[in-house]
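Trainee: The structure is given below, and queries will be raised subsequently.
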Amino acid sequence: MGFRLPGIRRTSFAAKVSSAKCGEVPKGHLALYVGEEMKRFVIPISYLNQPSFQELLSEAEEEFGFDHPMGALTIPCTEDVFLKVTTCFNGC
């Protein structure tokens, strides 16, 4: 018997996600890239309503505008900051 923890799905632990994995986003989720190494994460779209996540989106808009180099939304913060911000969405 297993259980599933809601929240972030990290699609790559050691390297960038291959292009073959880019299309694998479950319904109700969003793929984005975080940090200098452009690690790919899949998050629930409900995160878009969170004020702290909207702040990250504003930073992304300021840095990249609508031209995202990876073809998907890119968040210009460290992976640690991103995880710290989004972990609290499921209860700190």
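Trainee: Just to be sure I understand the model, the point goes 7 Å from the Cα along the line to the Cβ. What's the resulting SER46 to SER58 distance in nm?
Mentor: Distance between label points: 2.4 nm.
Trainee: Another one. Out of residues 5 or more away from THR74 or on other chains, whose amide H comes under 5 Å of its own, with H placed 1.01 Å from N in the peptide plane?
Mentor: TYR33
No lab work stands behind these numbers, since they all come straight from the coordinates. Keep in mind that what you see is a predicted model, and the values were worked out from it rather than measured. FYI the Cβ positions are ideal-geometry reconstructions off the backbone, even for glycines, and counts take in every protein chain you see.
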